[in-house]
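The values are calculated or read from the model by the stated rules, or taken from the named source; none is laboratory data. Quick caveat: nothing in here was measured; it's all calculated off a predicted structure. Positions of Cβ are generated from backbone atoms using ideal geometry, with glycine treated the same way; all protein chains shown enter the neighbour counts.
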Amino acid sequence: MSKIKIATRREFLGHGLGLVGVGTALPNFLVNTALAGPQAVSDQRVVVALLLSGGHDGVSDAIPYADDVYHKVRPTIAYSEKEVIKIDDELGLHPKLTGFKELYDQGSMAVVRGTGYPKFNYSHFHARTIWSTADPSIKRPSRSASGYEQYDGWLGKYCDVACKGSEDPKLTMAVGGGRTPIIIRSKEHSPISFSSPTSFGYTGDRSEKGYAVYRKLNGQAAGQNAEDDLQFVTQTALNANASSDQIRDVAAAYKPSVTYPNTKLGKSLQTIAGMIVGGLSTRIYHAELGGFDTHGNQRTRFDSLMTQMNGAVSAFYKDLAQQNNAERVLTFTYSEFGRRVKENGNKGTDHGSAQPVFLLGPGVKAGVYGKQPPFDDETTKRNNFKMEIDFRSVYASILEKWLGTPSEPILGGKYEPVDCVG
């Protein structure tokens, strides 16, 4: 039988085997030994990345209601002054974001307007990868969506820098999605990703190639020099299998202090709250709310999205607060791009440029940062918003002010942090 040569950690993780499954062939006493994995420090800070998938129309939730041109160029989808939840004399929140306004009044919500990068990209996969890697210079891969998985995310890089040498498989965790988000991928650590904790198991590469490698690894017989090649595989599998047991146990035991909405995002954030309160050592969580590609019938669709986001996020922070964990959790939103200035002929908006980033949690400095990209003649003629703040300045704030890690090695350059994090 030929051996599988896995020369590097990156090569192993590239096969999609860095999660759970390989260890099913390992002796029980080894799996039990691995159960004594790292636990969270009681005051360890946590980041939750919330992907608004599809392209976030930021002027429909951070609304420049006092701008006459906003109403003129969006005759059927604009929100009136009477509808919005006012933040100040110019800016209002979407009428469904009542929980966000409560967080704002508590000093726990910031919005950074006009974020982006030079020379915007409008492809879903490519633009999302730019926001995930913090690198606008990445090249389009020869393959389609799966080709982008060769890249490392900026939060994955954070774990490689801040947790170098750690074999903890729970450093990053994506809840409620399909493929592992690029934003938490890295060279040194394989993210955990699952739709539901009750069904959490082997969730690596779904391709036949990935399963073939998996089957061969499980089929290695003793005495075939497999030990040399599988030393890293074995430890990763032990840790991953132990983690899957722990995650299922923590999720099953968790009793939230509030009722979460019965939505995909509500279930994801409830699971994340359970992991945090349950003491998992995870530094970075990821959740997703899909449906933001609003090319048509935007008003109805966006109202529904805001209801879902508001209900889930509001319940999440109320739950964490009642269980004395809100102080150590910061949530931020990101999307692949914003939307165009003008509504289109289908009462929707097309792929655009700049967007706001929401930051939530007691660790933020509440307020509105950056200027609203103007609805001036040049902007409306171009039908796209100018970038006001480089998105990497927001990331630098999270890295330096919240996570206490120098941002330059992770972001590949020096970006002045926005003063939006305590």
### Summary
Being more than 16 Å from His94 (Cβ to Cβ) and either out of contact with any Lys or Arg (no Cβ under 7 Å at 6 or more places or on another chain) or crowded, with 23+ Cβ neighbours inside 10 Å (or both) narrows Gly290, Gly338, Gly296 down to just Gly290
### Query
Looking at (1) in contact (Cβ under 8 Å) with a residue 24 or more places away in the chain; (2) closer than 21 Å to Gln308 by Cβ; (3) part of a helix (DSSP H, G or I); (4) not hydrophobic (A, V, I, L, M, F, W, C), which is the only condition Lys96 fails?
(3)
### Query
For Ala240, all conditions in the list (1) closer than 23 Å to Trp154 by Cα; (2) surrounded by fewer than 22 Cβ atoms within 10 Å (Cβ to Cβ); (3) at pLDDT below 95 hold save one; what is the number of the exception?
(2)
#### Entry: Which numbered condition Lys255 misses (of (1) in a loop (DSSP other than H, G, I, E, B); (2) under 28 Å from Tyr158 (Cβ atoms); (3) at pLDDT 90 or above; (4) basic (Lys, Arg))
(2)
### Restricting region 166-197 to residues that are farther than 25 Å from Leu52 by Cα and surrounded by fewer than 23 Cβ atoms within 10 Å (Cβ to Cβ), the residue that is modelled with the lowest pLDDT
Glu167
### Task
Would you confirm whether any residue within region 115-133 is of a type in the set (A, V, I, L, M), more than 17 Å from Leu52 (Cβ to Cβ) and out of contact with any Cys (no Cβ under 7 Å at 6 or more places or on another chain)?
no
### Task
Being in contact with a helix residue (DSSP H, G or I) (Cβ under 6 Å, 6 or more places away or on another chain) and modelled with pLDDT under 50 narrows it down to one of Gly156, Gly219, Gly204, Gly210, so name that one.
Gly204
#### Entry: Check on Val84, crowded, with 17+ Cβ neighbours inside 10 Å, of a type in the set (Val, Ile, Thr) and farther than 21 Å from Glu388 by Cα
yes
### Task
Tell me, please, whether a residue that is in a loop (DSSP other than H, G, I, E, B), at pLDDT 95 or above and not acidic (Asp, Glu) can be found in region 124-132.
no
#### Entry: Residue satisfying all of: in region 137-153; modelled with pLDDT of 90 or more and buried (at least 18 other Cβ atoms within 10 Å of the Cβ); nearest to the chain's Cα centre (by Cα) among these
Gly153
### Query
Only one of these conditions is not met by Gln44: (1) at pLDDT below 95; (2) closer than 15 Å to Val313 by Cα; (3) not small (Gly, Ala, Ser). Which number is it?
(2)
### Task
Select, from Phe316, Phe302, Phe332, Phe358, the only residue that is out of contact with any strand residue (DSSP E or B) (no Cβ under 8 Å at 6 or more places or on another chain) and within 28 Å of Ser393 (Cα to Cα).
Phe302
### Task
Report whether or not Phe358 is under 19 Å from the mean Cα position of the chain (by Cα), assigned to a loop (DSSP other than H, G, I, E, B), in contact (Cβ under 8 Å) with a residue 40 or more places away in the chain and surrounded by 18 or more Cβ atoms within 10 Å (Cβ to Cβ).
no
### Ser353 being over 18 Å from the mean Cα position of the chain (by Cα) and not charged (D, E, K, R)
yes
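Yes/no per residue for (1) hydroxyl-bearing (Ser, Thr, Tyr); (2) under 22 Å from Thr129 (Cα atoms):
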site	(1), (2)
Thr349	yes, yes
Phe358	no, yes
Thr379	yes, no
Asn383	no, no
Met387	no, yes
Ile398	no, yes
Trp402	no, no
Gly412	no, yes
Val421	no, no
### Query
Of the numbered conditions (1) crowded, with 19+ Cβ neighbours inside 10 Å; (2) closer than 18 Å to Leu360 by Cα, Asn324 satisfies every one except a single condition; which is it?
(1)
### Message
Are there helices (runs of 4 or more DSSP H) fully within region 373-422 with at least 2 residues that are more than 25 Å from Ala66 (Cβ to Cβ) and without any contact (Cβ under 8 Å) to a residue 40 or more places away in the chain? List them.
### Response
391-397
### Query
When you go through Lys255, Lys267 one by one, which is the residue that is closer than 17 Å to Phe200 by Cβ and charged (D, E, K, R)?
Lys267
